[in-house]
Amino acid sequence: GLAGKKVVDIGCGGGLLSEGMATRGAEVTGIDLSEKALGVARLHLFESGQKVDYRLTSAEDFAAENEGAFDIVTCLEMLEHVPDPASTVAACARLVRPGGHVFFSTLNRNLKAYVLAIIGAEYVLNMLPRGTHDYAKFIRPSELVRHCRNSGLDTVELTGLHYNPLSRTYSLGGNTDVNYLIHTRRPE
């Protein structure tokens, strides 16, 4: 469970995950480099009455001030938008305490991901604004596992993250062709 855990949500955006974890009893800090996104998060937080500490900062700067301070670090759907994913992964690894958990999700770099995530989601279904993703920044699972290993994180599980546009539901499964989630742990 999350009750009583110190959690940092890297690239928290509008705060949906941050607030959800706070609802489940976690002490949550959400960081992002977008003042606009943090404004949305703070407004939603005001309406919900939850407690989340939102900060405008980068993962690297925050890690320099908070090394080993968190039980759990989340960095979801952000790595494909940063200039140096390995640096962000390393910052996440520095933030988590020994024995703590770090979760990443991102997009795989292959033809199927390009067709579904860019052409499908941005141009056909208009689920995301056009230009949201740059295919060259997508990250193969092997590359992310290597970044994690180089940062001192052990991979616990790698699983696919699937969206069904007809039923508008998400599910987890073995297929990592498009979106995927990786659970890592910093050794004791």
**Q.** Karplus-derived 3J(HN,Hα), 6.51/-1.76/1.60, for each residue of region 2-19, Hz, glycine and proline x
**A.** 9, 4, x, 7, 8, 10, 10, 9, 7, x, 5, x, x, x, 4, 5, 4, 5
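So, for the chain, what is the accessible surface per residue at a probe of 1.4 Å, expressed in square angstrom? Walk me through the numbers before you get to the answer.
Details: 9720 Å² over 188 residues.
Accessible area per residue: 52 Å².
Using Cα-Cα distances under 8 Å and only pairs 6 or more residues apart, what relative contact order does region 1-111 have, in percent? List each step's numbers first, then the result.
Numbers: 213 pairs, mean separation 28.9, N = 111.
After rounding, I find 26 percent.
Do any trypsin sites (Lys or Arg not before Pro) in region 76-150 lie in a loop, going by DSSP, with at most 13 other beta-carbon atoms within 10 Å of their beta carbon, and if so which? Could the numbers behind the result be given before it?
Details: sites: R94, R109, K112, R130, K137, R146, R149; in loops: R109, R130.
Sites meeting the loop and neighbour criteria: R130.
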**Q.** Long-range amide H partners of K5 with built H, under 5 Å
**A.** E27
Q.
I need two numbers for the chain: Rg to one decimal and Dmax as a whole number, Cα atoms only, in Å.
A. 16.1, 47
Q) Using alpha carbon centroids, what distance separates region 167-188 and region 1-22, in Å? A) 17
Q.
Could you give each residue of region 134-149 its phi-based ³J(HN,Hα) in whole Hz, using Karplus coefficients 6.51, -1.76, 1.60 with θ = phi - 60°, and x for Gly or Pro?
A. 10, 3, 5, 8, 5, 10, 5, x, 4, 5, 5, 4, 5, 4, 5, 4
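Determine the sum of side-chain charges near D32: Lys and Arg each +1, Asp and Glu each -1, restricted to other residues whose C-beta is under 14 angstrom from that of D32.
Working: positive: K36, R42, R55; negative: D9, E19, E35, D53, E60, D61, E77.
That works out to -4.
Indicate the gyration tensor shape class of region 134-188 (rounded, prolate or oblate), computed on the Cα atoms with a ≥ b ≥ c the square roots of the eigenvalues: a/c under 1.5 is rounded; otherwise a/b larger than b/c is prolate and the rest oblate.
Working: a/c = 3.35, a/b = 1.68, b/c = 2.00.
In terms of gyration-tensor shape, oblate.
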Q: Obtain the nm distance between the two label points defined at S142 and K112 by a simple spin-label model: each point lies 7 Å from its Cα along the Cα-to-C-beta direction.
A: 1.6
**Q.** Calculated from backbone phi, Karplus (6.51, -1.76, 1.60) coupling profile of region 150-159 in Hz, x at Gly/Pro
**A.** 5, 9, x, 9, 9, 6, 9, 7, 10, 9
Q: Pull up the cross-link candidates among the lysines for K36, meaning alpha carbon to alpha carbon under 26 Å and not fewer than 8 places away within one chain.
A: K6, K51, K137
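The values are calculated or read from the model by the stated rules, or taken from the named source; none is laboratory data. Please read these numbers as outputs of a predicted model, since none were measured by experiment. Positions of Cβ are backbone-derived with ideal geometry, glycine not excepted, and every protein chain shown enters the neighbour counts. Calculation scope for accessible area: heavy atoms of the full protein, side chains included, ligands and nucleic acids excluded. Shrake-Rupley method; radii C 1.70, N 1.55, O 1.52, S 1.80 Å.
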